[in-house]
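What follows is one structure encoded as structure tokens, with my remarks underneath.
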């Protein structure tokens, strides 16, 4: 399970994208047996871009949350249980709130990874302007075309601005989570 | 409270195999570090599962491998106070206190927040976060949190060992007061003989995951006499202090004790048994400020030495002397004797 969750982290994103294409495509097991009967089309839609980004970024989130949870003192969980809280109650009232920093850090990492995602997205969602074109795909297209440098640079600035906003937001949230009286 | 434990647990190279029944409201579990005390309480509280056997509390099984009974920790109604406070850092003091209370069935809620706050004197802490409380305040809140869950029994797993001496003796009255005020029986776990004598009436002595004996705290203290370098310590609860000759005078039996230091209405002091000098006849003069006329009420072996229990009216002291001194002083049960103690030999606790 551990290997399966972490695999997208080490595999080249193009490989992840290709595997997703095989899985979700019209002739893939999920595409053919699950999606088609339900009338859902994923490949080359924005939904495929979201799935590709999520799969590639997911291990970062899992690892971050796991690190956060492993840092929780086991005695707090024991205290909660002897105070009458069952497992689910303990997860909701003790483990989850104490893992908030890990969850946040993981979400931000996943989001940041998603901003830069290229390989898997282009395989499963293509590069359709206005439909599945993400910032990295657009930058790639403008850099490849003559006189596209200015727009590519503008998109780079948008990318940098988004990243800075995300990091500031992360820092602000971290400070709010740590209770200071 | 009656606790029956007959269970086994294998943990790596350590094997716990205990079989005992103990009755009482203030039960101690004593043993050196690593003898399995915390494993035992984990099994009783339901935090670990025994490999086999049964555990009964007041006759009700909380674990029975034969009948496939294993009541989860959250349904055992056993409150725990740990070595460190382990308060929930994301909750306020009040929310910590109410954590167990809210999860207790309404008809079981006999102890209320107001009553508890009065006993533990934590009213002014309620709306604070737990991260900026002092060590003593945190441990008081931890006691309160366990008590307010309205448990049928409280387990205190070395709750004083992480505190320094002065803090320790500030917390002890709160521990005792909260259990007495709300009539909660408790298991007190410690490797400190002094703590055991203050907190427990019946003591289960453990060694290497097995029962070494079940006795009173005083019997335990006397059984350990002569087995280590530390002497037997007399623990004296003294009352009604007054100032006399620059010292504190406390009533003791049919006489009084003069002790160096501040006067308190009530004081718990310790006196090493080796600091008591015995005289067969009244010494005409001595530098010791206390000369007690006592009667020998008991003589017992204490390793290579002899313990002499001295009765001064209703109160008693134990002195330890070598066997040759017993012969020289011709000490026997009922013999009248004089005991000299320096005022500086007493050490106030807390």
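Bear in mind that the values in this text are calculations on the coordinates, not laboratory data. Keep in mind the model is a prediction, meaning the values are calculated, not measured. Counting neighbours? That spans all protein chains shown, and the Cβs are built from the backbone with ideal geometry, glycine included.
Approximating the spin labels as points 7 Å out from Cα along Cα→Cβ, the residue B:333-to-residue B:212 distance works out to 2.8 nm. Inter-chain neighbour count for B:86-92: the average number of beta-carbon atoms from partner chains within 10 Å of each residue's beta-carbon is 6. Axis of helix B:165-181 versus longest Cα principal axis of chain B: the two differ by about 60°, to the nearest ten degrees. For chain B, take the longest principal axis of its alpha carbons; what is the angle in degrees between that and the long axis of helix B:93-102, to the nearest 10 within 0 to 90? Helix B:93-102 sits roughly 70 degrees off the main axis of chain B.
Here the range A:35-68 is scanned for amide nitrogen atoms under 19 Å from the site 7 Å beyond the Cα of residue A:26 along Cα-to-Cβ, giving A:35-49. Highest mean first, the peptides B:293-303, B:167-177 sorted by other C-beta atoms within 10 Å per residue fall in the order B:167-177, B:293-303. Annotation: peptides A:32-44, B:255-267, ranked by per-residue average of other Cβ atoms within 10 Å with the highest first, follow the order B:255-267, A:32-44.
Per residue, the average separation of C-alpha pairs within less than 8 Å and at least 6 apart gives the range A:42-129 a relative contact order of 55 percent.
Shielding by partners for peptide B:73-80, expressed as the average number of C-beta atoms from other protein chains within 10 Å of each residue's C-beta, is 5.
Once the Cβ-Cβ distance between residue B:274 and residue B:311 is put in as r, and R0 is 22 Å, what FRET efficiency do you end up with, to the nearest 0.05?
Rounded to the nearest 0.05, the efficiency is 0.70.
Quote the relative contact order of chain B in percent (integer), defining contacts as alpha-carbon pairs under 8 Å separated by 6+ residues. For chain B, the relative contact order is 16 percent.
Between residue B:23 and residue B:106, the FRET efficiency from the beta-carbon distance, with R0 = 30 Å, is close to 0.50. Peptides B:186-192, B:240-246, B:335-341 ordered by packing proxy, namely the average of other Cβ atoms within 10 Å per residue, highest first: B:186-192, B:335-341, B:240-246.
So the label point goes 7 Å from the Cα of residue B:293 along Cα→C-beta, right? Which residues of the range B:303-325 then have their backbone N under 13 Å from it? It comes to B:312-313, nothing else.
Shielding value for B:126-132 is 2, the average number of Cβ atoms from other chains within 10 Å of each residue's Cβ.
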